[in-house]
Amino acid sequence: MEKHARVAVIGAGQAGLSAAHHLIRRGLNRDRLVVLDAYPGPGGAWRHRWPSLTLSTVNGVHDLPGMPFTEVLDAGQDPSSVPAAEAVPRYYSAYEEREGIAVRRPVRVHCVSGGGVSDGADERFRIEAIGPDGVMEACVDGLVNATGSWERPFIPHYPGAELFRGRQMHTRDYRGPDELAGKRVVVVGGGISAVDILAEVSQTADTLWVTRTPPRFSDEPFTAEVGRRAVARVEDRVRRGLPPGSVVSVTGIPWNPRYRDAQRRGALQRRPMFTSITEHGVRWADPACDEHADVIVWATGFRSALDHLAPLRLRGPGGGITMTGRLATRVAGRPRLHLIGYGPSASTIGANRAGRAVAAELLEALTIPVSDGPGSDE
């Protein structure tokens with residue numbers, strides 16, 4: 001990789017592109033920046049979202065700094081009808097080209113070490129990765145990790161899961177309702193993904209909704225201000241070294257016409273969480289409540305993809321990573337290491353706001369003069 005790079009950004013989704021934009025605009029020469037991404041093309045995890053997921057059902061996709069999303073839409077096109085899997089990659093691709101951000105892909109980072117203090121001097125971060133030509137290595141002074149969570153789907157363990165003769169799938173594997181038509185489908189999870197899947201699968205399949213806690217719906221539109229309040233709650237947790245919570249746990253699930261229609265059809269009648277899984281379905285404490293299932297859909301979220309940072313030993317006794325800095329992106333005690341896409345910057349609005357703060361704080365730590373170049377916090 002680039003021998004003279006001083007800063008590496010790992011991940012070229014919303015968070016990584018925002019950070020790269022602000023680092024360049026605020027004083028870092030392009031030839032001193034290396035951006036790595038594991039996917040073969042722009043768009044990151046958005047490339048794999050199911051076709052019916054549109055821009056109106058993802059809790060908002062905010063503009064990257066300096067380029068409105070509408071620039072990549074066709075004239076007169078309604079953004080709410082555009083599949084996210086098409087629109088977001090197109091937008092990221094256009095953004096990389098306009099901003100002159102050269103992303104190295106597909107490059108999968110598998111280990112980051114160093115970054116401490118040795119003999120009174122700062123150690124460089126050592127990055128080991130696999131790219132198109134095999135093993136790749138680089139040493140940099142500053143690191144911005146923006147790997148998100150798509151690579152770590154979370155499925156909780158329940159007794160008997162290995163006995164189930166039907167199909168188990170995670171949200172990540174869902175491609176649309178057609179493959180589930182005519183089946184008995186149990187959807188597990190209390191977030192937007194679960195409700196979105198229920199809304200469409202329940203039209204062609206027999207569905208059952210199961211959640212650990214009662215879901216909370218909201219009539220309040222998901223505005224930028226609502227997003228900021230949610231981000232603030234999550235930020236408080238990571239500053240205390242706790243695992244970050246989800247944005248939906250703060251905002252609730254916003255009602256829309258599709259969800260109202262599912263409610264009228266009875267698809268949103270929720271059952272409490274089952275206690276075990278059988279060969280042919282799911283079971284509660286009372287065997288009389290057993291339910292048959294052909295498919296279990298685990299809409300149970302993701303965990304931050306940080307395994308490659310394990311050598312840095314970042315997690316504390318609270319189970320999370322203690323974060324500091326203006327917007328809680330800097331790892332406590334590691335002024336040259338920032339995490340975007342973790343905690344308060346996991347949402348698109350959080351990632352955008354974090355990009356500018358990361359650039360200023362990181363360049364200051366590297367004693368690179370920080371300019372007040374163009375760019376927005378949003």
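Annotation note: Cβ proximity below 9 Å between a residue of the range 112-137 that is more than 19 Å from residue 331 (Cα to Cα) and a residue that is in a loop (DSSP other than H, G, I, E, B) and modelled with pLDDT under 85 (sequence gap 6+ or interchain) occurs for 129/1; 131/1; 136/1; 137/1.
Please state which of the following conditions residue 225 fails to meet, knowing it meets all the rest: (1) assigned to a loop (DSSP other than H, G, I, E, B); (2) surrounded by fewer than 21 Cβ atoms within 10 Å (Cβ to Cβ). Checking residue 225 against (1) assigned to a loop (DSSP other than H, G, I, E, B); (2) surrounded by fewer than 21 Cβ atoms within 10 Å (Cβ to Cβ), the one that fails is (1). Being touching a Leu at 6+ places or on another chain (Cβ under 7 Å), surrounded by fewer than 19 Cβ atoms within 10 Å (Cβ to Cβ) and either part of a loop (DSSP other than H, G, I, E, B) or among the hydrophobic types (A, V, I, L, M, F, W, C) (or both) is a condition met by no residue of the range 298-316.
None of 84, 146 is in contact with a Leu (Cβ under 7 Å, 6 or more places away or on another chain) and among the small types (Gly, Ala, Ser) except 84. In the range 26-40 there is at least one residue matching the filter, namely being modelled with pLDDT of 90 or more, over 24 Å from residue 228 (Cα atoms) and among the acidic types (Asp, Glu).
Just one of the listed residues (265, 326, 271) is touching an Asp or Glu at 6+ places or on another chain (Cβ under 9 Å), surrounded by fewer than 15 Cβ atoms within 10 Å (Cβ to Cβ) and in the same structural domain as residue 166 (by TED's automatic domain parsing), namely 271. Residues that are over 27 Å from residue 341 (Cβ atoms) and either of a type in the set (Lys, Arg) or under 27 Å from the mean Cα position of the chain (by Cα) (or both): does the range 114-131 have at least one? The answer is no; no qualifying residue exists.
Answer yes if at least one residue in the range 279-292 is surrounded by 22 or more Cβ atoms within 10 Å (Cβ to Cβ) and in the same structural domain as residue 196 (by TED's automatic domain parsing), and no otherwise. Within the range 279-292, one or more residues are surrounded by 22 or more Cβ atoms within 10 Å (Cβ to Cβ) and in the same structural domain as residue 196 (by TED's automatic domain parsing).
Of all residues in the range 150-190, those satisfying the criterion of being more than 30 Å from residue 340 (Cβ to Cβ), surrounded by 18 or more Cβ atoms within 10 Å (Cβ to Cβ) and either touching a Phe, Trp or Tyr at 6+ places or on another chain (Cβ under 8 Å) or β-branched (Val, Ile, Thr) (or both) are 185, 186, 187. Within the range 130-149, if we keep just the residues that are under 13 Å from residue 37 (Cα atoms) and in a loop (DSSP other than H, G, I, E, B), the residue that is modelled with the lowest pLDDT turns out to be 148. For the range 339-355, the condition of being assigned by TED's automatic domain parsing to the domain that holds residue 146, over 22 Å from residue 125 (Cβ atoms), crowded, with 18+ Cβ neighbours inside 10 Å and charged (D, E, K, R) holds for at least one residue. Within the range 96-109, the set of residues being under 22 Å from the mean Cα position of the chain (by Cα) and crowded, with 16+ Cβ neighbours inside 10 Å comprises 96, 101, 103, 104, 105, 107, 108, 109.
Taking the range 111-120 as the range and being at pLDDT 95 or above and of a type outside the set (Gly, Ala, Ser) as the test, the residues that pass are 111, 112.
Taken together, 225, 279 contain a single residue that is of a type in the set (Asp, Glu) and modelled with pLDDT of 95 or more, which is 279. For the range 206-213, the criterion of being in a helix (DSSP H, G or I), within 22 Å of the chain's Cα centre (by Cα) and closer than 29 Å to residue 344 by Cβ is met by no residue.
Filtering the range 110-149 to residues that are buried (at least 21 other Cβ atoms within 10 Å of the Cβ) and not aliphatic (A, V, I, L, M) leaves 115, 125, 142, 145, 147, 148. Of everything in the range 43-56, what is surrounded by 24 or more Cβ atoms within 10 Å (Cβ to Cβ) and closer than 24 Å to residue 136 by Cα? Give them in sequence order. Result: 44, single match.
The values are calculated or read from the model by the stated rules, or taken from the named source; none is laboratory data. Fair warning: this is a prediction, and the values are worked out from it, not measured in the lab. Note: ideal-geometry Cβ built from the backbone for every residue, glycine included; neighbour counts use all protein chains shown.
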